[in-house]
Structure formats: structure tokens, C-alpha cells
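Data block below; observations after.
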Amino acid sequence: MKKFALTTIFLNPVYGRDRAGQLEIYYMHKLLTENGYDVDIIGKKGRNNKDLPFYIDWSVADWTKYDGVIVQGTSGNFFGGKQFKHTAPIIQGMADAMPQIYTLATDPLMLPLNPATIINKRFKTHQDCIKPWQDMIDNQVVIFPGKDLELFWGKKYKKVVEFDLFTYIFKDLYKEDRPEPLFVAEKEYDVVYYGRKRNKFRHNLLKNLMPDSTNNLLISYKTNDIVCRQIGALKQHELIDKLDTCKVSLILGDEEHMDNTITFRFFETMRSNCLAAIPIEYDPSRSLIKNPILRELLYIKDQEDVKRLVESYSEDLLELQREELDRILKDFDQKFINPFLKRISWSNHYRR
């Protein structure tokens, strides 16, 4: 049996189903296990993961026994000027063992950078790990859920496994029917967008599509040039409840997502009690939606289209939208195929 590890270098990997980063770890573990791999998660073992037999503390990890290590991308930020206790040992341990690394291309802002270079620049340590890590990065296998990795990360990669991880996640996450609410929430807002502020492209898209009205809502997004009510971040259950009070939810993305990668927000909104407003740039061929009524209504080009969608809101359209999501998830049957699964023979030049 082939043995794999999952890790996150600058944050502690979390195995769960509440947030995007947790879902990636949870479902990559599930996907690999389903395909016959023996899979560990390596990080700081503590109270929240102590009962997971496959969660291995960094202090006892043996990196030489893995056929592959999947690295979840995170930004190299050091909160309070400090690093997580596991960060430096993982960088050192992998530099010593030099396993075949796999990177998840799930965020266009999380490029596969050399962590040894990052930590050396900040703390003046691990200079001897820079070259081994660069060799691993140059030989990495990228797991990509979209159409065009060069568009997503700005360069060509030699080894790519194309697998729609996001649809795989939500097919399992939504396999149980969502319970019907005891009552239909009163619609307090017309249009909502939720998410943190990321870049100029997404902001301009939001400005062009969000109608000016105090009857619209931004959640966890602060700006001075869009007229609407703005509130802070909400916990997951609070967010779902708040979405229930809105008629339409904008599905936005970065420029690299457009006509390339389906985002979490697409699935979340399609299952919510909001109609999904899909910018035409997101899916120019309208290939995601098959229902003819929804194809005409859900795709938007400007604020007027958004207003028309708000005016069209009905429970019947919501039911059509949920049925369309059911079809999308039912039709997904992609297999995970890894043609790069073999042990790599590195020179002992870097081993200590």
C-alpha cells in the first residue's frame, strides 16, 4: 500500500468540515483513502485532533516512509512575529528526507513558494534547506481542480493531476438532504455578498454588479465605495441564517477563477435559500446550468440583470436551483488518477 502524508507548513492542518481549509484536508484524506492509500496528517497534535489515529505529531513524523506528501498552501505570515511550533521542524524534516511533494492548486493567491526561503528571510535560519526544497518544488506534482493551471498560477507546470476536488467535496458534503426550515425566513435584503476583500479585480466586479441600496448586504467585506449595509464576519451557522434573509447572492471570484475553476461559493449559494447571481465572466458558455429557465435568469452582466433577478425571486425558482445542483453533483463521476506515483531517488548530497 502506498503511503501519503498531508501537511500545512505555516498553519496547523485541521481535519474538519466547517471551513474551506478544513474541507480540503478532510476530503483529500478521504479521496486518497478511497483510492487505496494509507494517509497520515502531520502537524501539531493536541486537544482537537487527539482522537484521530492518523493525525501524527510533527515530533515523531518519519518523512522517509512516504511515497508522497501533499502540502496545503498557506501564506507565510507569522502572527505576533512568531511561527507555529511545527513549522521549522517540518521544513527541516522534509528537506532531510526530500519526499515527492504534491501541492494543492486551490487558491490563485497561494502559490507554491519555497518555505525555507520564507523562514530564512524572516528568521535567518534554515539556509541549508533552501536548495533541497527548491529541488522538491521543481519536481512537484500539482493537483488542480480547474481547466487551465497556467492561467490560475501564471506559469506552466510539468506534472499536473487534474481532478475537480471542489465538486467531489460538495457531492459528499451535500449527499444528505438539507432539512426544510420550519418557516420561510422573511427576506430582509435583496442582494448579498459574503467574503473577505481579496483583490482589485473582484472588488471592481462587486462594484459593477451590486446595486446601490441600503437594502443590500455585505458580510465580512469592508469598503467605502459601495452603498449598502455592511456587517462583520459570521460563524458558519450564523452565516446560513443570514443568507436565508436575502433573495440573491452574488457568486464572485478572482480573475484566475473566471471560466476556469468552480468556487465554493457556487455550491454554497446553489444550495441556499438565495438565488445565485452568476457573472457571465464566471461561466461564459453557460455550461454549469442546464435548466433553460435558470440559464436565462441566473447569469448576469450588470446591475440591471441583478435587479431583474431580485424581482424574479420565488420559491419555485429556488426549487429549480436545488434540483439543478442535485443534477450537477449526481453527474460528477471523475476518477482520481495519479500517473506520478513512484518513489523518487534523490542524491544523498543534501541528506544529513
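For PRO279, indicate whether it is within 22 Å of the chain's Cα centre (by Cα) and either open to solvent by 10 Å² or more (accessible area, probe 1.4 Å) or not charged (D, E, K, R) (or both). For PRO279, the condition - within 22 Å of the chain's Cα centre (by Cα) and either open to solvent by 10 Å² or more (accessible area, probe 1.4 Å) or not charged (D, E, K, R) (or both) - is met. Kindly indicate whether ASN260 is in contact with a Gly (Cβ under 9 Å, 6 or more places away or on another chain) and surrounded by fewer than 22 Cβ atoms within 10 Å (Cβ to Cβ). When the stated conditions are applied, ASN260 passes them.
If we scan the stretch 91-99, do we find a residue that is in a loop (DSSP other than H, G, I, E, B) and either over 30 Å from GLY253 (Cβ atoms) or touching a His at 6+ places or on another chain (Cβ under 6 Å) (or both)? Yes - at least one qualifying residue is present in the stretch 91-99.
When SER249, SER220 are checked against the criterion of being within 26 Å of LEU109 (Cα to Cα), open to solvent by less than 10 Å² (accessible area, probe 1.4 Å) and in contact with a strand residue (DSSP E or B) (Cβ under 9 Å, 6 or more places away or on another chain), SER249 stands alone in meeting it.
Answer yes or no: is there a residue in the stretch 167-183 that is surrounded by fewer than 16 Cβ atoms within 10 Å (Cβ to Cβ), out of contact with any strand residue (DSSP E or B) (no Cβ under 6 Å at 6 or more places or on another chain) and among the aliphatic types (A, V, I, L, M). Yes, the stretch 167-183 contains a residue that is surrounded by fewer than 16 Cβ atoms within 10 Å (Cβ to Cβ), out of contact with any strand residue (DSSP E or B) (no Cβ under 6 Å at 6 or more places or on another chain) and among the aliphatic types (A, V, I, L, M). Selection of the stretch 242-289 for residues being in a loop (DSSP other than H, G, I, E, B), in contact (Cβ under 8 Å) with a residue 60 or more places away in the chain and among the acidic types (Asp, Glu) yields ASP244, ASP254, ASP259, GLU281. When the stretch 290-304 is limited to residues that are under 16 Å from VAL248 (Cα atoms) and either free of Cβ contacts under 8 Å to residues at least 12 places away in the same chain or touching a Cys at 6+ places or on another chain (Cβ under 8 Å) (or both), the one that is most open to solvent (accessible area, probe 1.4 Å) turns out to be GLU296. Whether any residue in the stretch 228-245 is open to solvent by less than 10 Å² (accessible area, probe 1.4 Å), among the aliphatic types (A, V, I, L, M) and touching a Leu at 6+ places or on another chain (Cβ under 8 Å) is what I want to check. Within the stretch 228-245, none of the residues are open to solvent by less than 10 Å² (accessible area, probe 1.4 Å), among the aliphatic types (A, V, I, L, M) and touching a Leu at 6+ places or on another chain (Cβ under 8 Å).
One residue alone among ASN35, ASN12 is open to solvent by 20 Å² or more (accessible area, probe 1.4 Å) and more than 23 Å from GLN92 (Cβ to Cβ), and that residue is ASN35. May I ask you to verify whether LYS147 is crowded, with 17+ Cβ neighbours inside 10 Å and basic (Lys, Arg)? So LYS147 fails the test.
Contact map, the stretch 199-218: residues that are among the charged types (D, E, K, R) paired with residues that are open to solvent by 60 Å² or more (accessible area, probe 1.4 Å), Cβ distance under 7 Å, separation 6+ or inter-chain. Pairs shown: LYS207/ASP225; ASP212/VAL227.
Of the helices (runs of 4 or more DSSP H) lying entirely inside the stretch 117-227, those carrying at least 2 residues that are among the polar types (S, T, N, Q) are 200-209. Got a sec? Which of ALA105, ALA95, ALA116 is in contact with a strand residue (DSSP E or B) (Cβ under 8 Å, 6 or more places away or on another chain), among the small types (Gly, Ala, Ser) and either farther than 20 Å from ILE42 by Cα or crowded, with 21+ Cβ neighbours inside 10 Å (or both)? That would be ALA105, the only listed residue that is in contact with a strand residue (DSSP E or B) (Cβ under 8 Å, 6 or more places away or on another chain), among the small types (Gly, Ala, Ser) and either farther than 20 Å from ILE42 by Cα or crowded, with 21+ Cβ neighbours inside 10 Å (or both). Across the stretch 38-50, the qualifying residues are those that are open to solvent by less than 60 Å² (accessible area, probe 1.4 Å) and within 23 Å of ALA88 (Cβ to Cβ), and the one among them that is modelled with the lowest pLDDT is GLY46.
Here GLU319 clears all of (1) out of contact with any strand residue (DSSP E or B) (no Cβ under 9 Å at 6 or more places or on another chain); (2) over 27 Å from ASN216 (Cβ atoms) except the condition numbered (2).
For the stretch 52-75, the candidate set comprises residues that are out of contact with any Pro (no Cβ under 8 Å at 6 or more places or on another chain) and at pLDDT below 95; within that set, the residue that is least open to solvent (accessible area, probe 1.4 Å) is THR74.
The values are calculated or read from the model by the stated rules, or taken from the named source; none is laboratory data. Since the structure is predicted, the reported quantities are computational estimates derived from the model, not experimental observations. Backbone-built Cβ (ideal geometry, glycine too); neighbour counts: all protein chains shown. Side chains included, ligands, DNA and RNA excluded: accessible areas come from the protein's heavy atoms. Shrake-Rupley method; radii C 1.70, N 1.55, O 1.52, S 1.80 Å.
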